[in-house]
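Reading through the structure tokens given below for one structure.
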Amino acid sequence: MTHDPVRLYRTVRLIRRFEERAIELVRAGEIVGGIHPYLGQEGIAAGVCAALRDDDLVTGTHRGHGHVLAKGADPARMLAELCGRVTGLNRGRGGSMHAADFGVGVLGANAIVGAAGAILTGAVWARRRRGDDIVGATFFGDGAVNEGMLLEAFNLAALWRVPVLFVCENNGYATTMPVAGAVAGTIGGRAAAFGMPATVVDGQDPEEVRDATAAAVTRMRAGGGPELVEAHTYRFDAHHTFEHVVRLDYRPPAEVARGRARDPVAIQGARLPRSVRDAVDAEVEATLAAAVEYALASPAPDPAGALEHLYASGLTARTGGG
Amino acid sequence: MPRLSYRRALTRALADEMTRDESVFLLGEDIRVAAANVTSGLLKRFGPERVVDTPLSEQAFTSFATGAALAGLRPVIEFQIPSLLFLVFEQIVNHAHKFPLMTGGQCAVPVTYLVPGSGSRTGWAGQHSDHPYSLFAHVGVTTVVPATPADAYGLLVSAIRCDDPVVVFAPAGAMDLRADVADPAPVPLGRGVVRRAGTDVTVVAVGHLVHDALAVAGDLAGQVSVEVFDPRTLYPFDWDGLVESVSRTGRLVVVDDSNRSCGIAGEIIATVVERVRLLAPPRRVTRPDGAVLPFAPALDRAVQPGRDQLTAAIQLTVKDG
Ligand SMILES: Cc1ncc(C[n+]2csc(CCOP(=O)(O)OP(=O)(O)O)c2C)c(N)n1
Ligand SMILES: [Mg+2]
């Protein structure tokens, strides 16, 4: 847990600039398949992870770069992963939607909406049973609250009092579907149905997110059950970078302008003296310049090893050739 | 002759069937804005009652479609990614597929499950690159994998008209194809087609791989005379059509974007050797066993069946006898 406003600023700024550099690399063809940019939502990953310990566990989403970086993964290896290089966090096997770094407690981004909550619940339950006083935080979008598997995870976690913070990043849309068109009742009401406390926070304010998380984590670490935080936020950019090529018409321009006006990087930055902010910005630029260089200089994996890591048991698969 | 793209062939099939039959309606994620660029223009033409955007609740809306079918409608569900079929396998196999028999013939479940962009989309990695058509053939759900724009139109139309559930895989590798199609027409389910006539070996190719097989056949012309057979429907399979072809050529190679174990290529080879005495052992080119598509593009490609492997398989089969 850190109360350090400078560190919090550094994290949101790092995620912001990481995403902007990654979008450049998508445009340059260095990142194949595109990304789901986390732009605008940085305050949530940064605020939540600032209230966690290094050994606490998290799972991310398809829009997952922020979660992985905020939990402490090396930006250079993260970027190398997005570029499909052997030096990447997943040795080039996972890419944007599967980036994982078990070393810093990231059990993976996940590309199936709503699927990760149950995985994290099981992992935290197992670690607690072993006597570790860890907690977990699982991120998901407003779209995921309509997936049965996530609601089933709410039930298991609440029933077995597993200290998992369910963090809903409510950015108002699941791809093009607005929350009002998809969610009956409320998101907090879903938590209430399972006897879970729910808090609504301003996801654009990293300190508010951090403080709400810290309070929940304190209760959970002391033996409390799971909780839900619903963070209101706005996605500044496309659902996925394919939208840079194919425009989909679903967010009114005035709404986008309003959403973008509440910028978590600016909000946290305004809490620091200008000189401190400038120094952090320069440090982040240097980190990312080195990360881009590292990623692009790293070798691509050898196709002969395409099936490496398929089986942990050492089983080797038959190939598909003639 | 008008050029028809594979994608627009799907759009046109949906529009034509919705026009012809009031009971046809669409369900799916982001289909009103046509994020997958398949349902384009349909909201405007048919309205929100027949082009229904759903919450992210695949398991519920798949069985919701089963219910709507039991009540007389003909739902078509668009799935954004092929791996979602794993999520709704229960709903399709354990309910939609089983209801007619379990109820002693009291009902039909005419639902179409459309997967635009199945298989690898390069760079979408492990959870977005599957091609699970063999699973549906295994459980006996009608399964089609159109290779061309004309078949995309014709098989989707027939799927919608079919009284049983049908899964339509539109491979990512075929979605951007265009062809001259004068008058798109229904294509019967369960009927294969010889795409190129030949005398030395029959190559069975599934979906987008039909085009790889045709390219390889062209490259080998003069050395080996390759017949290319496109089954189009994997279940029920056109066994008579294939047996007719292999009886003439005496040799069989299958190229299939499934995992090797229990993939449709294995079933094709088994059924042919039950019925035809071959001149050489048959071969198959597939994904590896247990394939998970790795992210890095070169690895993704290495795991998919390719033209070089197919060429080698054909040459070995011809050399063997
Ligand atoms: C189970 C499942 N359904 C559909 C998709 C396709 N998909 C990917 S992201 C997304 C929207 C998710 O919305 P939300 O949960 O609100 O997260 P956001 O993208 O807004 O961050 C969809 C429909 C998927 N990956 N998994
Ligand atoms: Mg959302």
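Which of the numbered conditions does A:G320 fail, given that it passes all the others? Conditions: (1) closer than 14 Å to B:A296 by Cα; (2) of a type outside the set (F, W, Y); (3) at pLDDT below 95.
It fails just one condition, (1).
Taking the residues in the range A:178-204 that are under 15 Å from A:F140 (Cβ atoms), within 15 Å of ligand 2 (Cβ to nearest atom) and not in a helix (DSSP H, G or I) as candidates, determine which candidate is nearest to the other protein chains (Cβ to nearest Cβ).
Among those that are under 15 Å from A:F140 (Cβ atoms), within 15 Å of ligand 2 (Cβ to nearest atom) and not in a helix (DSSP H, G or I), it is A:A182.
Out of the residues in the range A:42-77 meeting the condition of being assigned to a loop (DSSP other than H, G, I, E, B) and closer than 16 Å to A:R16 by Cα, tell me which one is farthest from ligand 2 (Cβ to nearest atom).
Taking the candidates together, the pick is A:D74.
Can you confirm whether A:A290 is in contact (Cβ under 8 Å) with a residue 60 or more places away in the chain, in contact with a helix residue (DSSP H, G or I) (Cβ under 7 Å, 6 or more places away or on another chain), assigned to a helix (DSSP H, G or I) and exposed (fewer than 14 other Cβ atoms within 10 Å of the Cβ)?
Taking the combined requirement at face value, the residue satisfies it.
If only one of B:L220, B:L316, B:L234, B:L209 is within 14 Å of another protein chain (Cβ to nearest Cβ) and buried (at least 23 other Cβ atoms within 10 Å of the Cβ), which one is it? Steps first, answer last, please.
Values: B:L220 fails: buried (at least 23 other Cβ atoms within 10 Å of the Cβ); B:L316 fails: buried (at least 23 other Cβ atoms within 10 Å of the Cβ); B:L234 fails: within 14 Å of another protein chain (Cβ to nearest Cβ).
Exactly one of B:L220, B:L316, B:L234, B:L209 is within 14 Å of another protein chain (Cβ to nearest Cβ) and buried (at least 23 other Cβ atoms within 10 Å of the Cβ), namely B:L209.
Show the residue pairs meeting these rules: Cβ distance below 7 Å; 6+ apart or different chains; first residue within the range A:17-40 and within 14 Å of another protein chain (Cβ to nearest Cβ); second residue acidic (D, E) and crowded, with 24+ Cβ neighbours inside 10 Å.
Going by the 7 Å Cβ cut-off, there are no qualifying pairs.
Go through (1) more than 25 Å from B:V292 (Cα to Cα); (2) touching a strand residue (DSSP E or B) at 6+ places or on another chain (Cβ under 8 Å) for B:N259 and report which single condition fails.
Here B:N259 clears every test but (1).
If only one of A:G131, A:G122, A:G103 is more than 9 Å from chain B (Cβ to nearest Cβ) and at pLDDT below 95, which one is it? Write out each step before concluding.
Values: A:G122 fails: at pLDDT below 95; A:G103 fails: at pLDDT below 95.
Just one listed residue meets the conditions, A:G131.
Would you mind finding the one in A:L165, A:L159 that is buried (at least 24 other Cβ atoms within 10 Å of the Cβ) and away from ligand 2 (no atom under 15 Å from the Cβ)?
Of the residues listed, the single one that is buried (at least 24 other Cβ atoms within 10 Å of the Cβ) and away from ligand 2 (no atom under 15 Å from the Cβ) is A:L165.
Looking only at residues that are in contact with a strand residue (DSSP E or B) (Cβ under 6 Å, 6 or more places away or on another chain) and part of a loop (DSSP other than H, G, I, E, B) in the range B:74-100, which one is surrounded by the fewest Cβ atoms within 10 Å (Cβ to Cβ)?
Of everything passing the filter in the range B:74-100, B:F79 is surrounded by the fewest Cβ atoms within 10 Å (Cβ to Cβ).
Taking the range A:83-119, which residues are in contact with a Phe, Trp or Tyr (Cβ under 9 Å, 6 or more places away or on another chain) and outside any loop (DSSP other than H, G, I, E, B)?
A:S96, A:M97, A:H98, A:A116, A:G117
Kindly check whether there is at least one residue in the range B:94-113 that is in the same structural domain as B:D163 (by TED's automatic domain parsing) and within 16 Å of ligand 1 (Cβ to nearest atom).
Yes, the conditions are met somewhere in the range B:94-113.
Quickly run through the range B:289-312 and pick out the residues that are over 21 Å from A:T87 (Cα atoms), within 8 Å of chain A (Cβ to nearest Cβ), assigned to a helix (DSSP H, G or I) and within 23 Å of the chain's Cα centre (by Cα).
Within the range B:289-312, B:Q309, B:L310 qualify.
Yes or no: the range A:122-134 includes at least one residue that is part of a loop (DSSP other than H, G, I, E, B) and of a type outside the set (D, E, K, R).
Checking the range A:122-134: at least one residue is part of a loop (DSSP other than H, G, I, E, B) and of a type outside the set (D, E, K, R).
Given the conditions (1) crowded, with 24+ Cβ neighbours inside 10 Å; (2) within 16 Å of ligand 1 (Cβ to nearest atom), and given that A:Y173 satisfies all but one, which numbered condition is not satisfied?
(1)
Does B:T286 meet the test of being within 12 Å of chain A (Cβ to nearest Cβ) and farther than 18 Å from B:D320 by Cα?
The answer is yes for B:T286.
The values are calculated or read from the model by the stated rules, or taken from the named source; none is laboratory data. What you are looking at is a predicted structure, and each value in this text was computed from that prediction instead of being measured. Here the Cβ is made from the backbone with ideal geometry for all residues, glycine too, and neighbour counts use every protein chain on show.
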